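**Q** Below you'll find the structure I mean.
Rule-based calculations on the coordinates, nothing more; no lab input. Please read these numbers as outputs of a predicted model, since none were measured by experiment. Positions of Cβ are generated from backbone atoms using ideal geometry, with glycine treated the same way; all protein chains shown enter the neighbour counts.
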Ligand code: SF4
């Protein structure tokens, strides 16, 4: 991420504050990154590097706000609509937050109950859709548990950036 964007996200008034965080990286890595940015900027129109308008900045903040979901965050690209009518449990763009594991279990149990209820009442039109959602919930649970098992101490969820204005 370009450092001036990172500085805005972190609420730093000065780029030198943000640069202090880069001290954890090797010097040559930082240098390569800056060279890459300089080369990119040289071939892009200078208008792309202007300060964003208030409206653009608000839209950018909304981008993160609208990605907060019951089970985690939506990873669809910036500026794109939800193409799946918010059927998040089935969607590959859903990034499940490890803290939402309990909620995911609750949803899976509820789907199981609803399948039983639909079968008992002869609502067969519901059963297939609910079954698909239940299978998706189980797959998400398995992949979340696999991820949790891979890292000693479990993954650290960074969540979404907090926008500050100072
Ligand atoms: S259905 Fe997919 S694209 Fe739509 S909000 Fe949920 S995770 Fe995002």
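**Q** Taking the Cα atoms only, what angle lies between the long axis of helix 101-121 and the longest principal axis of the chain, rounded to 10 degrees?
**A** 30
**Q** I've got another one for you. Specify the residue with the greatest mean-square fluctuation among 134, 37, 94, computed from a Gaussian network of the chain linking alpha-carbon atoms under 10 Å apart.
**A** Most flexible of the set in this elastic network: 37.
**Q** How big is the chain along each principal axis, measuring the range of its Cα positions in Å and listing the largest first?
**A** So the extents along the principal axes, rounded to whole Å, are 65, 40, 31.
**Q** With the contact rule set at Cα under 8 Å and sequence spacing of 6 or more, what percent relative contact order holds for region 56-145?
**A** Normalised by residue count, the contact order of region 56-145 is 27 percent.
**Q** Springs between alpha-carbon pairs under 10 angstrom, Gaussian network model over the chain: which of 133, 32, 143 fluctuates most?
**A** 32
**Q** Can you tell me which of 40, 76, 139 moves the most in a GNM of the chain? Springs connect C-alpha atoms under 10 Å apart.
**A** Maximum fluctuation in the GNM of the chain, among the listed residues, is at 40.
**Q** Next up: Which angle between 0 and 90 degrees, to the nearest 10, do you get for helix 27-43 versus the longest principal axis of the chain when only C-alpha atoms count?
**A** Here the helix axis deviates by roughly 90 degrees.
**Q** Quote the relative contact order of the chain in percent (integer), defining contacts as alpha-carbon pairs under 8 Å separated by 6+ residues.
**A** 27
**Q** Mind pulling the angle between the C-alpha long axis of helix 54-65 and the longest principal axis of the chain? Nearest 10 degrees, somewhere in 0 to 90.
**A** Around 40 degrees separate the two axes.
**Q** Just to verify a number: FRET efficiency for residue 85 and residue 15, C-beta to C-beta distance, R0 = 41 Å, to 0.05?
**A** Step by step, r from the Cβ atoms, then E = 0.50.
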